[in-house]
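A short worksheet on the structure shown next.
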Amino acid sequence: MTTQPSLLDEVTADEALTSAGRAPSLAPLGEGLVRHVLSRGAWVDVRPGWVQRSEALFEHLLADVPWRAERRQMYDREVDVPRLLCFYGEEAVLPHALLAEARDALSAHYLPELGEPLRTAGLCLYRDGRDGVAWHGDRLGRSSREDTVVAIISLGAPRPLVLRPRGGGPTALRVPVGHGDLLVMGGSCQRTWEHAVPKTSKPVGPRVSVQLRPRGVR
């Protein structure tokens, strides 16, 4: 038999999810973390399924993040950026408590290599296969001259993140990420390698990417 809770009961959405066993949570970070050593001092760590019950977090971000469309200059004309965006600076409250927990856990884990915490969060919404991001490195700011860490939490439908050495050439690493997977690019990766999320004509569902970065790295 089921009972209907009183409207006077002050139960938050997060508490309701927790009591129902649906709240997202983080698995142990070190267990299942695999490092791929690249050339020129770059590396990539992958931890499949780091966010457990990630569908609840995915649905929350889809509904509550103030997604915005942007345009950029492409040669002699402006074009739509093929994804929706939202950026949270150092002092901003992240759109879900689990993202702050993830940022703190990653900061603690990578502190010996990075020497500083992760501070900002950039979110991207890939609505379908027509959305993607071309080959690039996160080289705005200090990452153009210093080693750094960029951690990406992927939620929703898996999409491949591909990497190649900077300057072109064939794809050297292809990692399908989604459903709570974690991918971390470190060392010289932003300076000496490029990464992309290719567009596809195949039917794919939406994906949210959460990029956690140190101060002064975009």
Could you tell me how many degrees, from 0 to 90 and to the nearest 10, lie between the Cα long axis of helix 54-64 and the main elongation axis, the longest principal axis, of the Cα atoms of the chain? 90
With a cut-off of 8 Å between alpha carbons and a minimum separation of six or more residues, what is the relative contact order of the chain in percent? 25
Based only on other Cβ atoms within 10 Å, what is the fewest-to-most ordering of Thr120, Thr200, Thr192? Thr200, Thr192, Thr120
Mind pulling the angle between the C-alpha long axis of helix 97-114 and the longest principal axis of the chain? Nearest 10 degrees, somewhere in 0 to 90. 40
Highest-MSF residue in the chain out of Arg164, Arg139, Arg191 [GNM, Cα springs under 10 Å]: Arg139
Quick check on the stretch 142-209: take the gyration tensor over C-alpha atoms, sort the square-rooted eigenvalues as a ≥ b ≥ c, and tell me if it's rounded (a/c under 1.5), prolate or oblate. oblate
Taking the C-alpha atoms of the stretch 56-142, convex hull volume expressed per residue in Å³: 144
Please work out which option in (i) 17.8; (ii) 19.0; (iii) 18.4 gives Kirkwood radius over Cα pairs in Å calculated from these coordinates, and answer with its label. (iii)
Give me His36, His136, His60 sorted ascending by neighbouring Cβ count inside 10 Å, so fewest comes first. His136, His36, His60
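Taken together, the values in this text are just the output of simple stated rules run on the coordinates, not laboratory data. Computed from a predicted structure; not experimentally measured. Neighbour counts are summed over all protein chains in view; Cβ atoms, including those assigned to glycine, are modelled from backbone coordinates with ideal geometry.
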